[in-house]
Structure formats: structure tokens, C-alpha cells
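The values are calculated or read from the model by the stated rules, or taken from the named source; none is laboratory data. Since we're looking at a predicted model, the values are computed, not measured. No Cβ is skipped: glycine too gets one built from the backbone with ideal geometry, and neighbour counts run over all protein chains shown. Keep in mind that these areas ignore ligands, DNA and RNA; they rest on the heavy atoms of the full protein, side chains included. Shrake-Rupley method; radii C 1.70, N 1.55, O 1.52, S 1.80 Å.
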Amino acid sequence: MDLQIETESTSTAATKNSKLPFHSNPDILDEICEYLSYEYDIDSDDISVSRRTLLWVALTCKAFLEPALDRLWRSLDSLFPLLKILPAFIQSDGTYVLRGAISPEEWTRFDWYARRIRKFSYTRDPDSLDIAMHVYFRLAQLRPAPILPSLRHLHCPSTSQNDFLISGICLFLSPSLQTLEFENISSVEDKLCGTVLYTLFSDGAQMEKIILRGRGLSRDTVCMAIKFEHLRELELQGMGESLDMEIMEKIGSLPWLVDLAIDFTNSLIPPLEKDIGLKDLKSFMITAPIPFIQAFLPHIATVNLETFVAVAPTHPPVDKKDFLDEVVTRWKESLRRIALVHQQEENVEELNITVLAPLLPLRKLTYLRLEGYSMELTDDNIEGFARAWPEMDTLLLPFISANHPRPTINSLRILAQLLPRLRHLRIPLNTGDLIPFVSTGEPHSPAHDLHSLTIASADDPWELRDLLHLARHIDYFFPRLKYVYPYEAHDVDRWLQVHEMIQMYQAVRQEAFAFEREKQRKATTFYSPTQIFATS
């Protein structure tokens, strides 16, 4: 979609509309455009519709122009829409190149859009879009100032892609940056990452969030990442060999840090024996063996931890019930979100349901994630969870294969009744002995607002008739459900069919409501008060 508009045409928009009271209130206009914003949606169709709507809103009148364009251009994953503004950006034998001079007026128009971009994802251009690599060098030569002067968030999903100019990321460095995310890092990119961090520090960027995921960063580069004293969020994944106690003490002394995710895999740090700080930490994710974590936790100073995530291997084997009991005892009053993740190995670890007993007293728990374990779960277990955690909004249970006991469709009914705030659910489901759906003639009350449902099981036998009944059950319990997902592509065709059936049921229901409203409207119009009086 072309994100540009002709500003001259908007200047002649209807003056009558521009005099309406709300047009003079920027807060109202911002709220309207924010509601239409697509940035946090995950469905590509919804994103396209939202972008088109924002473009139409921008063209409505001058009052809407700036707030609508700010949202429309706020997030990009390619420079292509911006480069198209420059007349010198042309195609040569199917490949886009940058040739010729660029006038001050053309740069002014370029900047009019570029200043709106707050979030940029730098990744390889799709195969359908052939942009010559020299374009980025030429752009840097022509424009020494930051290309995106208001950029706040810079994300590079992979620094080691084929046919990808990773050094081009220097184009987007700006003192305005607050968030930096580098993923899939290898040792090849170590010096580049260090240069990026050093440049941002030297330019006075007030970095609040840094995420480095991958392998092979040197200690020097990791040290650069923790020089930003205003850091609020820090994630270091795969950097274990570069971590030492000096770095940990510097991390612990960061005055604004509230969110820390750190991976000690292959780290040479011994179990902690002294306090390291972290007095204001709210969220903590740690990857290490359970004994290391147990030795680590007593040496962090926070008393108000709200989120705790433990990623741990099977060995050495320990009693995870005692481990969770220690965590709950320390932060019982503040904990709201907990995750226990099994670090991937060849053998799946069995997790007994009794391990979760220490979590049951956490009445204000809103998030629970269990990943990579094998369990035996029943409908009674699910009901126990639902009664223990009435404020739960995200419940992510592990994948359970068909040869283990799993919850039935009855668990969905229980969750719909007992967890009104649930928005994201991942549940292993036994659909082998599915009972046919029989309508009660009334909608499920209250109508539940579950947003996404992931089925974390596979290999049950199924026929089309079974899927129709399954979709009706799910639709009845969660009439506003937006997505049905398979777990890691297990039985993907089956769950895609269920998803489409539910969408069809919802569409039919919406049409029926619309027909009924129209019928009532016509009846009200036909029998107006005057007519009723005259008839009587």
C-alpha cells in the first residue's frame, strides 16, 4: 500500500467538518487514531485493513492528517515506502537503485514522513523486492544526519542472514533511540554490536531497553551494553561465557533496572555467595540449573518481584516442588506471573502435578506458563487451577501426547465459567471421545472474551463430523474467540479447519443479529407513535 498522500488535497477539505468541536481537541483525535492503529495486531489481514483505514482518515480533513499519519508511519519493517518518496530511487532492469542528485525540497518531503517513524525492524528484504545493496551506502553518503531522527525502537531479528547487509544498521543509529534488540547474533557480529553500542553511548542516547540474543559476544561488547545507566530492561541470552562476577555486580547496581533476563548457560560464575543488588527488580528470567538458581535468588535484593521465569535443564535432578515453594515463600505477596520452562534436551522431563502445589495459594496469579514438560492432567486438575487463580488472564499448559491423560472438552466449560478474565489459553485436549454438541437454545452466559486458544496435543483420530461438533463446543464457550492455533504445527490442517468453522459460526451469528436489528428498526419506523395513536 502507498503510504504517501497529497497534502495539498487535504488543505481544501470541507471546512464545515473542521469546525466541529472534537476537531479542535487533539486528545480526542489521538484516541481515535490510536484505536485504529495496527501496530500490536498479529493478523496480516487486520494490519492491512487498519493501514487502509488510517490512510482514509488522514485524507478526511486537516484535523485528522497529522495524528493519522503519525500512526500510519509509526512502525516499518522496510525502508522501501520511505525510499519511494525520492525521485532518484528508480528501477533498473527490475532492481531498485539510487541514482542522481536529491534536492533540498525532496529531502524536506522525505523528512516529513521519516520523522514519524518510531519503530523500525531491520531485516532482509523479501525476494519479491530487489533493492541493490549500494542503495544503503549511497543513502549514507548523501545524508550524514540520522535517516530516522525520531526513532525509538530498533529491532534486528537476525544479524546473520544470507544476502543481508548487517552493517547497514548503522544508518538507523540516532540519539533518539531507547530500545535496541539484536537476535541470532554470532561471533562475526561482535565488533559491529560493540560499535553500535559505543556510538549510541557516545551520542547520548538514553537507552531504556537492550536485548542481545545469540552466541559469541565478547566480554567487551557485553560491558558496553550495561554502560547505559537509565536501562530499565536488559536481556542477555547466550552470552554465558562472557559473564563474570564483575559484570553481574555492574548489572545489579543499575539504578533503574526493573526487568532482567539472563542466561548462565556455559557461564563460569560459581554459585553466588554475596549480594549483587537488583533492589527494584520487578521481572526476572534466569536460565541455569535449578541448584544454581536456588543459590542465586537469596542474593538479589528485590522484595517486590512480580514476574519469575525459570528455564532449567533436567540435570542435576532436583525437587522442583521445594524450589517453587522457596520462590513463593520469598515473594508471595507480589508474584503475579510465573513460568517454568524445560531447557530443550533429547529426553522430555516428566512433571508431576504435585509440583505446582506451592502455587495454589497465589490468589492473584494472572499468568502461568509450563513449557517442555510432560504431564498427566485431568478435568479435576483444571478445575483446581481455575478455582485457585480467579484472576488468571494467560494459562499456557505444556504439550501432552495422546498416550497421556489429558483434559476433555469439559475443561473448556469450567474455564469459561470460572476464569472470566482469561484471554490466552494453551491446553492439551483429549478429543477422542467427544460428545455431540446439543444446543440449550440460549447463549453461554456471561459471554467470554477469550482471544486465542492453542491446542497442545495431537494424533487423536478425527472425522469431519467430530470437527463440526468440536468447533460448536468451542464457539459456545468462547463466542468472541479470534484465533485457534495448533501447537508447533501439530495437526495444523485439523485446527485450521476448526478455526475456519468457528469464524463461520461467528459470521452467521453476526448476520442474524444484524437482520434482527434491521427488522426491529423497520418495525419501529412503520409503527411510529403518531401512527399508533392514529390507529387506536
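Placing a label point 7 Å from the Cα of S202 along the Cα-to-Cβ direction, the residues of the stretch 174-189 whose backbone N falls under 14 Å from that point are 174-175. Taking chymotrypsin sites (Phe, Trp or Tyr not before Pro) as exposed when their DSSP state is a loop state and no more than 11 other Cβ atoms lie within 10 Å, the longest site-free interval of the chain runs over 41-526. V438 contributes about 110 Å² of solvent-accessible surface, heavy atoms of the protein only, 1.4 Å probe.
What you get for the chain, charging only the Cβ of Lys and Arg (+1) and of Asp and Glu (-1), is a dipole of about 1840 debye around the Cα centre. Each residue of the stretch 69-76 is assigned a 3J(HN,Hα), and the resulting list reads 5, 4, 6, 5, 9, 4, 10, 9 Hz, derived from the Karplus form 6.51 cos²θ - 1.76 cosθ + 1.60 (θ = phi - 60°), x at Gly and Pro.
Shape class of the stretch 372-470 from the alpha-carbon gyration tensor: oblate, with a/c at 1.5 or above and b/c at least as large as a/b. Per residue, the convex hull spanned by the Cα atoms of the stretch 163-206 amounts to 71 cubic angstrom. Per residue, the stretch 52-157 exposes 46 Å² of solvent-accessible protein surface, assessed with a 1.4 angstrom probe and all protein chains in place. Note that the stretch 183-265 presents 42 Å² accessible area per residue, ligands and nucleic acids not counted, probe 1.4 Å. With a 1.4 Å probe and every protein chain kept in, tell me what percent of the accessible surface of the chain is carbon plus sulfur. Exposed carbon and sulfur together represent 53 percent of the surface. Extension gain, T195 to A514: 0.36 nm times the residue separation minus the Cα-Cα distance gives 108.9 nm. Let a ≥ b ≥ c be the square roots of the eigenvalues of the Cα gyration tensor of the stretch 215-362; is it rounded (a/c under 1.5), or, if not, prolate (a/b larger than b/c) or oblate? In terms of gyration-tensor shape, oblate.
Here the Karplus relation 6.51 cos²θ - 1.76 cosθ + 1.60, evaluated at θ = phi - 60°, turns the backbone of the stretch 287-302 into coupling constants of 10, 4, x, 4, x, 5, 4, 4, 6, 7, 4, x, 9, 9, 8, 4 Hz, with x for every Gly and Pro. Given [x] 145; [y] 187; [z] 223 as candidate values of volume of the Cα convex hull per residue in Å³, which corresponds to the one derived from the coordinates? Looking at volume of the Cα convex hull per residue in Å³ for this model, the match is [z]. Near A512, once Lys and Arg are set to +1 and Asp and Glu to -1 for all other residues with Cβ below 12 Å from its Cβ, the sum equals 0. Exposed loop sites are taken as GluC sites (Glu not before Pro) in a DSSP loop (any state but H, G, I, E or B) with at most 10 other beta carbon atoms within 10 Å; the longest stretch of the chain without one runs 7-272.
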